Amino acid sequence: MGQQGDDGSAEAFLRDFAQLSTIGATPRGGVDREAATVRDGMARAWLGGWLASRGFAMRTDAVGNQFGLLDLVPGAPYVLAGSHLDSQPTAGRLDGAYGVVAAAFAAHRVATGVAAGTTRATRNLAVVNWFNEEGSRFGPSMMGSAVFTGRLGLDEALATTDPAGVSVRAALDAIDGRGEQGPLPVAAYAEIHIEQGRELEETGDRIGVVTGTWAARKFRFRVLGEQSHTGSTRMVDRRDALLGASLLVVEARSLADRFADGPLHTAVSQLDVRPNSPVVVASEVRANLDLRSPDPAVLDAAVERVRAVAARVEAEHGVRVELELTHSWDRQDYQDDCVAVSERVCAELGLAARRMLTVAGHDSTNMKDVVPTAMLFVPSREGISHNEREDTAPEDLVAGVDVLTGVVRELVSAPGTPAAWTSPSLG
Ligand code: HGY
Ligand code: MN
Ligand code: MN
């Protein structure tokens, strides 16, 4: 059951993770720690205290990414390990947070080995809590790692506002969440996460070794009609935005059946109806459309179908439909040598490992495009996630920490002069 040590033990991990899970806890066993809320700030403070008390130097960058740095080899690039502490509203306690605490334990265990002389470091170590991976309060998701990797501009991210009109900048400043951490030389990245699907549970494998990502296309759509009286307005005279949006919702679901072989996952979420009065035909509806497939050609065909249906809804119901692509990523692979390291560590630990794709996006979706990245999964009970019932067996959580420890140890002690990618200046 996990590796022993002072506070690097399996029992200490389960104890400390349970302690973190009390921050922003919801009555039904989940958490509510949306990005840059006071509760997110409390979780960040908890992580900072845990790492600082074990010798890590705490830093934050201009978009709120939180780093715990440990210099083992002067001037060497960092092996970064982490995930995200922010959560969806009323969500599970494991999504993201498990990977952050696992990374903290893995880094502490490896650092203890370097101090004891049992591990020879050729690179430095860092633990990262990426800002706003979830994209629930502020879109798009994976925001902090997108700025870190240069996919998203800092000013654009900081100017993003939540539904109440609060900007990322103001929200982070309210929790003292921004800092001056400059460009960071990175040699590799490792992340462990709950699978958020049923594959490992169905196959009985203990660890998922992620070899690639499904592709994703996320749209914000607006349906524009005209307000009118729900009673007295003749049916032929109505330009009902909620009816138009509802037809798109149904079409999104039927798309998944139409492209079942893709496969294609679809959803419409975050429906915002205006003026949202019981006696008024809606004039405007805003919503998010989320399309995912391992086959980009299926995604492209699905998007074309959505556009065609939107045109038909406009013609038949006198409304206007605006589709805006807000976030997308393609079917991309993780580096083979990182897959090999992960599989080697699983074999050494006697843990059955399975190569698989990730359907959900993660911060590693961004990081794999700039540095060698190892992405790992532990099983999710019934595949449940973004739900307070999200759960993983304790022995699987602990096994994941052991695997991440082995992967981080291999990356930190890799032979040869480390190649490094340096993050852009956010100054
Ligand atoms: O968008 C995603 O798949 C991730 O959960 N942020
Ligand atoms: Mn996540
Ligand atoms: Mn999530």
Completion exercise
For Ile192, the residues 5 or more places away or on another chain with a placed amide H closer than 5 Å to its own amide H are Gly82, Leu376
Practice task
Using a Gaussian network model of the chain whose springs link C-alpha atoms within less than 10 Å, name the residue from His317, His229, His265 with the highest mean-square fluctuation.
Solution key: His229
Fill in the blank from the handout: Largest fluctuation, Val285, Val186, Val210 only, Gaussian network model of the chain with Cα springs under 10 angstrom, belongs to Val285
Practice task
With springs connecting C-alpha atoms under 10 Å apart, model the chain as a Gaussian network and identify which of Val63, Val303, Val279 has the largest mean-square fluctuation.
Solution key: Val279
Practice task
Specify the inter-centroid distance of the stretch 81-110 and the stretch 160-174, based on alpha-carbon positions, in whole Å.
Solution key: 23
Practice task
Please turn the phi angles of the stretch 126-141 into ³J(HN,Hα) values with the Karplus equation 6.51 cos²θ - 1.76 cosθ + 1.60 (θ = phi - 60°), one per residue in order, whole Hz, x for glycine and proline.
Solution key: 8, 10, 10, 10, 6, 6, 6, 6, 6, x, 7, 7, 10, x, x, 6
Practice task
Convert each backbone phi in the stretch 60-67 into a coupling constant with the Karplus relation 6.51 cos²θ - 1.76 cosθ + 1.60 (shift: θ = phi - 60°), then list the ³J(HN,Hα) values in order as whole Hz, x for Gly and Pro.
Solution key: 10, 9, 5, 10, x, 5, 10, 10
Practice task
Indicate the gyration tensor shape class of the stretch 1-77 (rounded, prolate or oblate), computed on the Cα atoms with a ≥ b ≥ c the square roots of the eigenvalues: a/c under 1.5 is rounded; otherwise a/b larger than b/c is prolate and the rest oblate.
Solution key: oblate
Handout entry: the stretch 215-329: C-alpha gyration tensor shape, a/c 1.5 cut-off, then a/b vs b/c
Key = prolate
Handout entry: Ranked by how many other beta carbons lie within 10 Å on average, peptides 414-424, 169-179 from highest
Key = 169-179, 414-424
Practice task
Calculate the dipole size of the stretch 369-427 relative to its Cα centre from +1 charges on Lys and Arg beta carbons and -1 charges on Asp and Glu beta carbons; express the result in debye to the nearest 20.
Solution key: 280
Problem - the stretch 348-398 versus the stretch 224-261: alpha-carbon centroid distance in Å - result: 37
Fill in the blank from the handout: Long-range amide H partners of Leu152, meaning residues 5 or more apart or on another chain whose placed amide H is closer than 5 Å, are Val147
Problem - Residue-by-residue Karplus 3J(HN,Hα) for the stretch 179-189, coefficients 6.51, -1.76, 1.60, Hz, glycine and proline x - result: x, 9, 3, x, x, 10, x, 10, 8, 6, 9
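How large is the helix-only mean residue ellipticity at 222 nm for the chain, computed as the sum of -39500 (n - 2.57) over DSSP H runs with n ≥ 4, divided by its residue count, in deg cm²/dmol to the nearest 500?
Only helices count here, giving -11000 deg cm²/dmol.
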Practice task
Just report the Cα centroid separation between the stretch 280-309 and the stretch 1-69, whole Å.
Solution key: 37
Problem - Estimated distance in nm for a label pair at Leu349 and Met235, the labels positioned 7 Å out from Cα along Cα-to-Cβ - result: 6.2
Practice task
Pairs of Cα atoms under 8 Å, at least six residues apart: use those to get the relative contact order of the chain, whole percent.
Solution key: 25
Practice task
Assuming R0 = 56 Å, can you tell me the calculated FRET efficiency for the pair Arg274 and Arg120, based on Cβ-Cβ distance, to the nearest 0.05?
Solution key: 0.35
Completion exercise
Checked against the positive end of the charge dipole of the chain (+1 on Cβ of Lys and Arg, -1 on Cβ of Asp and Glu, about the Cα centre), the farthest of Gly29, Gln227, Ala315 is Gln227
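We did not get these values from a lab; they are worked out from the coordinates using the rules stated. Please read these numbers as outputs of a predicted model, since none were measured by experiment. Positions of Cβ are backbone-derived with ideal geometry, glycine not excepted, and every protein chain shown enters the neighbour counts.
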